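Participant: Shown below is the structure under consideration.
The values are calculated or read from the model by the stated rules, or taken from the named source; none is laboratory data. What you see is a predicted model, and the numbers here were worked out from it, not measured in a lab. As a convention, Cβ positions derive from the backbone with ideal geometry for all residues, glycine included, and neighbour counts pool all protein chains shown. When the accessible area is computed, the model is the full protein with side chains, heavy atoms only, and any ligands, DNA or RNA have been set aside. Shrake-Rupley method; radii C 1.70, N 1.55, O 1.52, S 1.80 Å.
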Amino acid sequence: MKHNKKYLNSGLALLMLLAITLLGSCSKKKDDFSDRKVSFNSDWSFHLNDSIQDKDTIGASTKWRTLNVPHDWSVEGKFDEKSPAGYGGGALNGGLGWYKKTFKVNAEDSTKITSITFDGVYKNSQVWINGHYLGKRPNGYIGFQYEISPYLNYGDKNNEIIVKVDNSKQPNSRWYSGSGIFRNVWIETTDKLHVAQWGTYVTTPKVTAEKASVSFETTIQNQNTASKKATVTTTIFKEDTKVTSVTQNITIAANANQTIKQQTQVETPILWSVEKPELYTAVTEISVDDKIVDQYKTDFGIRNFKFDVDKGFILNGKQVKIKGVCLHHDLGPLGSAINTRAIERQLEIMKEMGVNGIRTSHNPPAPELLELCDKMGFIVMDEAFDMWKQTKTKYDYGNDWDKWHKKDLIDQLLRDRNHASIFMWSIGNEIPEQWNEDGVTIAKELAAITRQYDKTRPITAAMNPPVNMNLDGVNLQFEKAAVQYNKIAKSGALDIIGYNYAHQTYEYHKQNFPGIPFIATETTSGLQTRGYYDAVSDTIKKWPVRWDLKFTEGNPGNTVSAYDQVQTPWGSTHEATWKVIKKHDFLSGMYIWTGFDYIGEPTPYEWPSISSYFGIVDLAGFPKDVYYMYQSEWTDKTVLHIFPHWNWKPGQTVDIWAYYNNADEVELFLNGKSVGVRSKKGDDLHVMWRIPFQPGTLKAISRKNGKTVLESEIKTAEDPSKLKLTADRSTIKADGNDLSFVTVDILDAKGILAPNANNEINFSLKGNGKIVGVCSGDPVSHESYKGSKHTALNGKCLVIVQSETKTGRLELTAKANGLKQATIVITVE
Ligand code: GAL
């Protein structure tokens, strides 16, 4: 293990100080300051599931295999109807897993502090270093750190770290959790005098176009046995340019922590916004006798915002409607093992649709998600819990509540409070205690903790609706009475009232909660299978469990129409929800359930379905049609999207929908003959034609003032004939992590997508790389996401290729019986 800190000799430091004072600028760039942490992800040994419960006997096992973390062992297993996790947990098993790693530490580090940080281990981790027990952490979603220096061997002698991960008690989650060291692991080596873990807190109390005041609260830890005199300098950088700095001298007692406050100003600040997510970096340096002993970087944003009772969310003085989505933490075929590129791809797909907000449902996310949201411009609701003391599944976190909730919440706040993208804390999702007095006590406790660590962001909770959602008309008296029962809502603990669903009640909000802003913390829960369409599209179907379409092999059972016509009884269609949100200024915005499909919770079905139908985008990352409704409403991009496909039985009546914008009308032609001009009336979000099927070409033309804006065509496909591969990126980095997401399309001889093709596709890869995921987005498929073959769903399939650490050429080939194969080259550099 090598640390990468650079020490400056005192002469150089003096010179630098002089330069700073004289010139007011520093020659150093932001990236010249070292990150204290280095990755500790590679070369772990892993052992799964047997009766060995004890760390002293596990070492003797011969069943170890080598791997890199982040790692999720559940996704490597088989879907199993009898899995204790249930279909709600994705029918993938938990179990007991052991990880160990052997490593050496430089002799020169023996005078320093070394710590290990886990960004998240699901769940119930216990850690030992060289036989010494470091501790336990039940919560799988929060990061934690242990100091290991007192127990390390330095120089040539080995060290061994052992991690026991116990996810054997099931069910403990309402969705697929994954199991194992599923987030990054880091080693941090610092001087004995250093910035503490999560030791900086950067706020911007006053922000105008001319000036921003910036405050730093920095916690310095002195692990020396003597007191220390030191200088703490905090420098703000914008990219590579030094903006300003503040310096303070301190005396810190032996074995003590001290928090210092520093203040400065940034002239004409460049504000963080959704469109231009501009970040600054604060570099904290601690010097002793003119020698820099510690450096610590904190990215932050300068922006001002408020949630207004009448105008909703105001960012930098401008009203911004939050067009958000809820995301669970799994990455589809990659399971829950985080990969920064995979998260970035999800966010890119969301951005392209017009999404500007992410809710981290229902737990602290991977730090990388927040870093990407800072950089890409998303309005994040950072959520802490899916339950408090009262459990939702037998073995969930409710069992750990009493002992751990305080620490877990504080750690989340300390970890996350510098992120520019976070605008709200959610203290819980659909908490059962919201209806009783316990809920008031707990809500007040959580709110007090939150305000103690961050007063700059409002607190909300995603509360269950106050009315029975099966009521289409809402009676205000009834609604008022129902609100009386919602004890959290009335407790005063919340700064923003947040409802899940109940879009029928939003209009009554102001009467019920005068003076409190409102947000739709969760909406919609529409249900769709990509590429599958029921013949008649204009009846709304509400399905909790769909018994009428039982799954049998070969039947299109357990599929849901991808017209926006199916919803849960507690939810609403995409269009119905957005129409309400868009109408009222006081509605700050919405977080749709969900942006992406996720593993588990296959409502409206049970087994054999194992992944969700809620996503606007399927599990593989392929958009369902409603994606384009949002794109037409939420972006400036000109849209004309017509669907479904054009392969039906002769004479069958088919509904054709078009989502469009920037045009007055759309005309549809079937084989050259007009079938009518349509335009959206009132608050319509799509237009429709109902015609008998006839093979050939459907062509839509959108027009504005009589002039063509866009044209779009769908053609009847012949039999499947060939495969086509398209990589999202054909050059990836040779860092052993980077990914290329390759789409497989099944085409007919003329190159038209075969919309019903479900061929099994076999993949092979030549070169230094590996296939790490395959997926079609089919919630009923039980094929492994980790194999090298997969059955396509409605003409499409995805294969994910990962680099190794060698540069070169990767050649990916896809083959299917009776189809012409395809090959694509991916360059690794
Ligand atoms: C909500 C819940 C989500 C998810 C969703 C499905 O009530 O908050 O976690 O279960 O229902 O519709």
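Participant: Look through the stretch 343-352, keep the residues that are in contact (Cβ under 8 Å) with a residue 40 or more places away in the chain and surrounded by fewer than 24 Cβ atoms within 10 Å (Cβ to Cβ), and return whichever of them is nearest to the chain's Cα centre (by Cα).
Facilitator: Ranking the qualifying residues of the stretch 343-352, first place goes to Q346.
Every residue, every condition in (1) touching a helix residue (DSSP H, G or I) at 6+ places or on another chain (Cβ under 9 Å); (2) assigned to a loop (DSSP other than H, G, I, E, B), yes or no:
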{"site": "Y563", "(1), (2)": "yes, yes"}
{"site": "M590", "(1), (2)": "yes, no"}
{"site": "P602", "(1), (2)": "yes, yes"}
{"site": "E606", "(1), (2)": "yes, yes"}
{"site": "G615", "(1), (2)": "no, yes"}
{"site": "Y630", "(1), (2)": "yes, no"}
{"site": "K637", "(1), (2)": "yes, yes"}
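Participant: Pairs only if they're at least six apart or on different chains, beta carbon under 7 angstrom, first in the stretch 431-444 and closer than 22 Å to R174 by Cα, second open to solvent by 20 Å² or more (accessible area, probe 1.4 Å) and aromatic (F, W, Y); list them, first residue then second.
Facilitator: W435/Y485
Participant: The conditions are (1) away from the ligand (no atom under 13 Å from the Cβ); (2) outside any loop (DSSP other than H, G, I, E, B); (3) modelled with pLDDT of 85 or more, and P514 fails exactly one of them. Which is it?
Facilitator: (2)
Participant: Moving on. Quick check on E352: is it at pLDDT 95 or above, within 23 Å of A489 (Cβ to Cβ) and not aliphatic (A, V, I, L, M)?
Facilitator: Details: at pLDDT 95 or above: yes; within 23 Å of A489 (Cβ to Cβ): no; not aliphatic (A, V, I, L, M): yes.
Considered against the rule, which asks whether it is at pLDDT 95 or above, within 23 Å of A489 (Cβ to Cβ) and not aliphatic (A, V, I, L, M), E352 comes out as no.
Participant: Looking at (1) closer than 23 Å to A814 by Cβ; (2) within 35 Å of the chain's Cα centre (by Cα); (3) surrounded by fewer than 19 Cβ atoms within 10 Å (Cβ to Cβ), which is the only condition L753 fails?
Facilitator: Checking L753 against (1) closer than 23 Å to A814 by Cβ; (2) within 35 Å of the chain's Cα centre (by Cα); (3) surrounded by fewer than 19 Cβ atoms within 10 Å (Cβ to Cβ), the one that fails is (3).
Participant: Do we have any residue at all in the stretch 219-226 that's under 32 Å from the mean Cα position of the chain (by Cα) and modelled with pLDDT of 95 or more?
Facilitator: yes
Participant: A further question follows. Would you pick out the residues in the stretch 701-759 that are in a strand (DSSP E or B) and charged (D, E, K, R)?
Facilitator: R703, K704, K707, E711, E713, K715, K722, K724, D745, D748
Participant: Considering only residues that are in a strand (DSSP E or B) and open to solvent by 10 Å² or more (accessible area, probe 1.4 Å), look in the stretch 174-190 and name the one that is nearest to F385 (Cα to Cα). Steps first, answer last, please.
Facilitator: Let us first name the residues in the stretch 174-190 that are in a strand (DSSP E or B), namely 180, 185-190.
Filter once more, so that each one left must be open to solvent by 10 Å² or more (accessible area, probe 1.4 Å): 186, 188.
Values: W186: 25, E188: 28 Å.
Only one residue tops the list, namely W186.
Participant: Next question. Let me confirm something: among K351, K276, K242, K261, which residue is farther than 30 Å from F513 by Cα, in the same structural domain as R417 (by TED's automatic domain parsing) and more than 16 Å from the ligand (Cβ to nearest atom)?
Facilitator: K351 is the lone residue from the list that is farther than 30 Å from F513 by Cα, in the same structural domain as R417 (by TED's automatic domain parsing) and more than 16 Å from the ligand (Cβ to nearest atom).
Participant: What do you reckon, is W388 touching a Ser or Thr at 6+ places or on another chain (Cβ under 9 Å) and among the aromatic types (F, W, Y)?
Facilitator: Answer is no for this residue.
Participant: Related question: Would you mention how many residues in the stretch 772-794 are open to solvent by 40 Å² or more (accessible area, probe 1.4 Å), under 16 Å from Y598 (Cα atoms) and either part of a strand (DSSP E or B) or among the small types (G, A, S) (or both)?
Facilitator: Within the stretch 772-794, residues that are open to solvent by 40 Å² or more (accessible area, probe 1.4 Å), under 16 Å from Y598 (Cα atoms) and either part of a strand (DSSP E or B) or among the small types (G, A, S) (or both) number 1.
Participant: Any idea which of D683, D719 is at pLDDT 95 or above, more than 30 Å from K579 (Cβ to Cβ) and not polar (S, T, N, Q)? Show your work before the answer.
Facilitator: Values: D683 fails: more than 30 Å from K579 (Cβ to Cβ).
Of D683, D719, the one residue that is at pLDDT 95 or above, more than 30 Å from K579 (Cβ to Cβ) and not polar (S, T, N, Q) is D719.
Participant: Could you list, in sequence order, the residues of the stretch 389-438 that are within 16 Å of the ligand (Cβ to nearest atom) and in contact with a Leu (Cβ under 8 Å, 6 or more places away or on another chain)?
Facilitator: I427, G428
Participant: Going residue by residue through the stretch 685-692, is there one that turns out to be out of contact with any Phe, Trp or Tyr (no Cβ under 8 Å at 6 or more places or on another chain) and either open to solvent by 40 Å² or more (accessible area, probe 1.4 Å) or not in a strand (DSSP E or B) (or both)?
Facilitator: For the stretch 685-692, residues out of contact with any Phe, Trp or Tyr (no Cβ under 8 Å at 6 or more places or on another chain) and either open to solvent by 40 Å² or more (accessible area, probe 1.4 Å) or not in a strand (DSSP E or B) (or both): present.
Participant: While we're here: Condition check: farther than 19 Å from K579 by Cα, modelled with pLDDT of 80 or more and open to solvent by less than 10 Å² (accessible area, probe 1.4 Å). Does N500 satisfy that?
Facilitator: Here the answer is no, as N500 does not meet what is asked.
Participant: Further question on the same structure: Which of (1) small (G, A, S); (2) open to solvent by less than 10 Å² (accessible area, probe 1.4 Å); (3) within 23 Å of the chain's Cα centre (by Cα) does G97 not meet, given it meets every other one?
Facilitator: (3)
Participant: Now, a different point. Would a scan of the stretch 602-618 turn up a residue that is closer than 30 Å to G88 by Cβ and either assigned by TED's automatic domain parsing to the domain that holds K78 or among the acidic types (D, E) (or both)?
Facilitator: Yes - at least one qualifying residue is present in the stretch 602-618.
Participant: Just give me the residues in the stretch 121-152 being assigned to a loop (DSSP other than H, G, I, E, B), touching a Lys or Arg at 6+ places or on another chain (Cβ under 9 Å) and open to solvent by less than 10 Å² (accessible area, probe 1.4 Å), in sequence order.
Facilitator: V121, P138, G140, I142, G143, listed by residue number.
Participant: Can you name every residue in the stretch 701-736 that is on the phi > 0 side of the Ramachandran plot and free of Cβ contacts under 8 Å to residues at least 24 places away in the same chain?
Facilitator: Let us first name the residues in the stretch 701-736 that are on the phi > 0 side of the Ramachandran plot, namely 705-706, 736.
Within the stretch 701-736, G706 is the sole residue that qualifies.
Participant: Among (1) at pLDDT 95 or above; (2) assigned to a loop (DSSP other than H, G, I, E, B), where does D35 come up short?
Facilitator: (1)
Participant: Mind listing just one residue for me: the one in the stretch 131-176 that is in contact with a strand residue (DSSP E or B) (Cβ under 6 Å, 6 or more places away or on another chain) and among the aromatic types (F, W, Y) and, of those, nearest to D416 (Cα to Cα)?
Facilitator: Among them, the one singled out is F144.
Participant: Here's another thing I want to ask about it. Any residue in the stretch 800-814 that's closer than 16 Å to F763 by Cα: show its pairings with residues that are aromatic (F, W, Y) at Cβ separation under 6 Å, as long as the two are six or more apart or on different chains.
Facilitator: Partner pairs satisfying both residue conditions: I800/F741; A814/F763.
Participant: Given the criterion in contact (Cβ under 8 Å) with a residue 24 or more places away in the chain, touching a Lys or Arg at 6+ places or on another chain (Cβ under 9 Å), more than 16 Å from P644 (Cα to Cα) and not assigned by TED's automatic domain parsing to the domain that holds S42, identify the matching residue among L698, L670, L753, L739.
Facilitator: L739
Participant: Does Y591 qualify as being modelled with pLDDT under 95, aromatic (F, W, Y) and within 16 Å of the ligand (Cβ to nearest atom)?
Facilitator: The answer is no for Y591.
Participant: Here's a follow-up. Test of understanding: among M688, M629, which residue is in contact with a His (Cβ under 7 Å, 6 or more places away or on another chain) and at negative phi?
Facilitator: Working: M688 fails: in contact with a His (Cβ under 7 Å, 6 or more places away or on another chain).
Among M688, M629, only M629 is in contact with a His (Cβ under 7 Å, 6 or more places away or on another chain) and at negative phi.
Participant: Sticking with this structure for a sec: Going through the stretch 38-68 one residue at a time, which ones are assigned to a loop (DSSP other than H, G, I, E, B) and closer than 30 Å to I113 by Cα?
Facilitator: If the condition is that a residue be assigned to a loop (DSSP other than H, G, I, E, B) and closer than 30 Å to I113 by Cα, then F40, N41, S42, D43, D54, G59, N68 are the ones that fit.
Participant: State whether one or more residues within the stretch 155-173 are open to solvent by less than 20 Å² (accessible area, probe 1.4 Å) and within 16 Å of the ligand (Cβ to nearest atom).
Facilitator: yes
Participant: Go through (1) open to solvent by 30 Å² or more (accessible area, probe 1.4 Å); (2) in contact with an Asp or Glu (Cβ under 9 Å, 6 or more places away or on another chain); (3) not in a loop (DSSP other than H, G, I, E, B) one by one and return the number of the condition I286 breaks.
Facilitator: Condition not satisfied by I286: (1).
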